[in-house]
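Visitor: Right, I'll just put the structure down here and ask away after.
The values are calculated or read from the model by the stated rules, or taken from the named source; none is laboratory data. Just so we're clear, the structure is a prediction, and the values are computed from it rather than from any experiment. For neighbour counting, all protein chains shown are included, and Cβ atoms are generated from backbone atoms with ideal geometry for every residue, glycine included.
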């Protein structure tokens, strides 16, 4: 039996908040920075999404359909493409039409709703699936949560929504001696297959590819295919999960990242016994080898691989609790404008910006956050949320 | 072999008027921990100085030699100028006024300078400060010829001349330490030319210039024309060994937002008032306190009256000693909106009391602090947003207060001293 290589790309961009002063609370109600959001999407479309999509299409055509990948595109990203870069949507429709691309389900807002007991999670997953079906003509069969957050409890909720497969991280503190290169089953719901990210091989591309300090620099398709073959020994599947911004943004085109991806498939076909599959196909081929127990949520983020990047300090917990406390009321009101704002305020990024874990690393912080400090991120978010809560109280 | 430093300061605890003595003390203790031996020269020692880390040389007890210092040179240098309180960092006008009037009293009728004598320095910042500075430099020559050492270190402009003379006599490398410049003290356009000239001469004569922040380093390079490779930033630290907890019963139920410092142009009091006005319009349950005095106090009071916020905005006048601690203990937010602050120790004191802080980006201390909210001094909207955030969202005050306390306890003079020790080493070995 051939081994499986499974590529999954994540696309998400939050709708960033404008600077919302405390004296705007109860008055303005326009929370989002149109200019910044538009220019961010335009820049990413030109440097990353469009050229990367062209490359994937080229590979599908060249390799006669043997080349397959999967995407998870958040609802907020899809909406922003529709407004600011409709050609990105068209390009994905073209990819969808090849039948070689699987679109995954996630929460519409790329939210942390799976960590809230409200039914917001279920609502958002359904809304996202509807959106994907409407745009690309396929109903997602595989689920992946924001930043691959997973626990037994979340697995149960996902299973109850009808999904049979879910992606998460091969976190070492959960796996122990076990390898991420097999399909596992959820301990809570054995009917739910789990595909685990192979961090080392994924990060070789996303993090280390252009790092000149790295002993293996430069990384070539030849070399990578050799590593894959070595990794395959006694294993079944290698899951390479990454942000799509790796191509052209995090690793600029000048690093040769596009050429690397362009030549990788032919090297893999020629020198390894791997085949490209999507998650849906992978779980048809491979049976789960063991149940995986995950009592506390894991994720693919930071050294800790847990949810401490979003809910690791009192600020984040405070904002999170305030946000989900009003969920029943917002749903009851069902006001279109409030719904839209509520959805955007849930993007996990807003909570990430409040993380104090990065505070000592100035470069990393400024790279990942539009704010100068987590404290400013919190103040601005809370000013917006305070305004939102007043509107919810008023009912409009 | 131990490195031996001849250090020129102006004051040293317990008799101090401002932060310069505190900084000198902290730094020497840090250096001593790294095995550096220090001869600390000061104009007037009282005998109660802690000599565990340094050996104090009291310039008032040094008999001057006449051989290399001609009287003409001396008189060319000594010109009485009108001394303002801005000449020294961290000095409050009250303190200055007391010292100045005491100096006038002490020196009344004295018109002749005698050489070949011991000179009784006041060691203060009185009206004949320039004369003292010049005499101090002369005594420095004597001290330099009578002691052995590897490097000379001079703190702030008052001692630069002394450092230069000591270098000329001994041939040893000179380090000048810039705690503040004339540009911080007076603002552009009001520069005291004589002080500026002394500062400039000291920086150019020095083999290395230490600046207390990158902000100060840039001023040294830009306004004094010193080669960038010669100027090194070593951030100040803070020593809380003698810190006492104070508990205060709060008199008002409202939250308290505090400004504490000289009410002068440099400290940006007007931005604090404008921010207070914005916050009060939306968050009435708060009181603002402006503690300190200075030449902008009356203007500040007028502005508060004009804005009709006087029932929620209070002036305490000059605070000293334990009152400062008590003020911090009653505060919920501390704001330092300085227009230009070479370093700025007061937010560290507030943080030590667990008070969340907002500091201007135009302060040296903002380069080292992570758990303080930083705003541009002129950005009243951002400042009022930060104040409002700390008042309205208790989680933020708790997190920043706690993280700030931990952070401030990590700032150690040993770390600053280690950098300076390395700098000494380079200089001494470059010479040989």
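Visitor: State whether the residues of region B:350-370 include one that is within 8 Å of chain A (Cβ to nearest Cβ) and modelled with pLDDT under 95.
Guide: Residues of region B:350-370 within 8 Å of chain A (Cβ to nearest Cβ): B:370.
Filter once more, so that each one left must be modelled with pLDDT under 95: B:370.
So far as region B:350-370 goes, yes, one or more of its residues are within 8 Å of chain A (Cβ to nearest Cβ) and modelled with pLDDT under 95.
Visitor: How about region A:114-130: which of its residues are closer than 21 Å to residue A:70 by Cβ and crowded, with 17+ Cβ neighbours inside 10 Å? Can you show your working first?
Guide: If we filter region A:114-130 for residues that are closer than 21 Å to residue A:70 by Cβ, which is where we start, we get A:114, A:124-130.
Listed by number, the residues that qualify are A:114, A:124, A:125, A:128, A:129.
Residue by residue, here is whether (1) farther than 17 Å from residue A:250 by Cα; (2) more than 14 Å from chain B (Cβ to nearest Cβ); (3) in contact with a strand residue (DSSP E or B) (Cβ under 8 Å, 6 or more places away or on another chain) holds:
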| position | (1), (2), (3) |
| --- | --- |
| A:10 | no, yes, yes |
| A:15 | yes, yes, yes |
| A:18 | yes, no, yes |
| A:21 | yes, no, no |
| A:27 | yes, no, no |
| A:32 | yes, yes, yes |
| A:37 | yes, yes, no |
| A:41 | no, yes, no |
| A:51 | no, yes, yes |
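Visitor: Identify the residue in region B:267-280 that is buried (at least 22 other Cβ atoms within 10 Å of the Cβ) and away from chain A (no Cβ under 12 Å) and, among all such residues, is nearest to residue B:303 (Cα to Cα).
Guide: It comes out as B:273.
Visitor: Tally up the residues in region B:371-386 that are over 23 Å from the mean Cα position of the chain (by Cα) and at the interface with chain A (Cβ under 9 Å from one of its Cβ atoms), please.
Guide: Number of matching residues: 5.
Visitor: Going residue by residue through region B:398-406, is there one that turns out to be touching a strand residue (DSSP E or B) at 6+ places or on another chain (Cβ under 9 Å), at the interface with chain A (Cβ under 9 Å from one of its Cβ atoms) and at pLDDT 95 or above?
Guide: yes
Visitor: Now a separate question. Is it true that residue A:167 is touching a helix residue (DSSP H, G or I) at 6+ places or on another chain (Cβ under 8 Å), part of a strand (DSSP E or B) and touching a residue at least 12 places away in the same chain (Cβ under 8 Å)?
Guide: Spelling it out, residue A:167 is indeed touching a helix residue (DSSP H, G or I) at 6+ places or on another chain (Cβ under 8 Å), part of a strand (DSSP E or B) and touching a residue at least 12 places away in the same chain (Cβ under 8 Å).
Visitor: Here's something else I'd like to know. If a residue counts only when it is buried (at least 21 other Cβ atoms within 10 Å of the Cβ), which strands (runs of 3 or more DSSP E) contained entirely in region B:293-375 have at least 2 such residues? Can you show your working first?
Guide: On the way: elements: B:313-317, B:333-336, B:357-360, B:373-375.
Result: B:333-336, B:357-360, B:373-375.
Visitor: Does region A:44-67 contain at least one residue that is closer than 28 Å to residue A:316 by Cβ and surrounded by 22 or more Cβ atoms within 10 Å (Cβ to Cβ)? I'd like the intermediate steps shown before the answer.
Guide: Going residue by residue through region A:44-67, those that are closer than 28 Å to residue A:316 by Cβ are A:44.
Within this subset, residues satisfying the condition of being surrounded by 22 or more Cβ atoms within 10 Å (Cβ to Cβ) are A:44.
Yes, region A:44-67 contains a residue that is closer than 28 Å to residue A:316 by Cβ and surrounded by 22 or more Cβ atoms within 10 Å (Cβ to Cβ).
Visitor: What about residue A:339, is it without any contact (Cβ under 8 Å) to a residue 24 or more places away in the chain, closer than 27 Å to residue A:155 by Cα, more than 14 Å from chain B (Cβ to nearest Cβ) and assigned to a helix (DSSP H, G or I)?
Guide: Details: without any contact (Cβ under 8 Å) to a residue 24 or more places away in the chain: yes; closer than 27 Å to residue A:155 by Cα: yes; more than 14 Å from chain B (Cβ to nearest Cβ): yes; assigned to a helix (DSSP H, G or I): yes.
Considered against the rule, which asks whether it is without any contact (Cβ under 8 Å) to a residue 24 or more places away in the chain, closer than 27 Å to residue A:155 by Cα, more than 14 Å from chain B (Cβ to nearest Cβ) and assigned to a helix (DSSP H, G or I), residue A:339 comes out as yes.
Visitor: Name, by its number, the condition in (1) outside any loop (DSSP other than H, G, I, E, B); (2) modelled with pLDDT under 90; (3) surrounded by fewer than 15 Cβ atoms within 10 Å (Cβ to Cβ) that does not hold for residue A:360.
Guide: Condition not satisfied by residue A:360: (1).
Visitor: Of these, B:243, B:224, B:196, B:283, which one is within 18 Å of residue B:387 (Cβ to Cβ) and surrounded by fewer than 22 Cβ atoms within 10 Å (Cβ to Cβ)? Spell out the reasoning first.
Guide: On the way: B:243 fails: within 18 Å of residue B:387 (Cβ to Cβ); B:224 fails: within 18 Å of residue B:387 (Cβ to Cβ); B:196 fails: within 18 Å of residue B:387 (Cβ to Cβ).
None of the others qualify; the one that does is B:283.
Visitor: Further question on the same structure: Considering each of A:253, A:221, A:230 in turn, give the residue that is over 24 Å from the mean Cα position of the chain (by Cα) and over 19 Å from residue A:197 (Cα atoms). If you could, list the steps in order and put the result at the bottom.
Guide: Working: A:253 fails: over 24 Å from the mean Cα position of the chain (by Cα); A:230 fails: over 19 Å from residue A:197 (Cα atoms).
So the residue among A:253, A:221, A:230 that is over 24 Å from the mean Cα position of the chain (by Cα) and over 19 Å from residue A:197 (Cα atoms) is A:221.
Visitor: Right, next: Quick one: residue A:221 ticks every box in (1) in contact with a helix residue (DSSP H, G or I) (Cβ under 8 Å, 6 or more places away or on another chain); (2) crowded, with 20+ Cβ neighbours inside 10 Å except a single one, so which number is it?
Guide: Tallying (1) in contact with a helix residue (DSSP H, G or I) (Cβ under 8 Å, 6 or more places away or on another chain); (2) crowded, with 20+ Cβ neighbours inside 10 Å, residue A:221 fails exactly one: (2).
Visitor: If you don't mind, another one. Just to be sure, is residue A:344 in a helix (DSSP H, G or I), surrounded by fewer than 19 Cβ atoms within 10 Å (Cβ to Cβ), away from every other protein chain (no Cβ under 14 Å) and modelled with pLDDT of 95 or more? I'd like the intermediate steps shown before the answer.
Guide: On the way: in a helix (DSSP H, G or I): yes; surrounded by fewer than 19 Cβ atoms within 10 Å (Cβ to Cβ): no; away from every other protein chain (no Cβ under 14 Å): yes; modelled with pLDDT of 95 or more: yes.
Against the criterion (in a helix (DSSP H, G or I), surrounded by fewer than 19 Cβ atoms within 10 Å (Cβ to Cβ), away from every other protein chain (no Cβ under 14 Å) and modelled with pLDDT of 95 or more), residue A:344 does not qualify.
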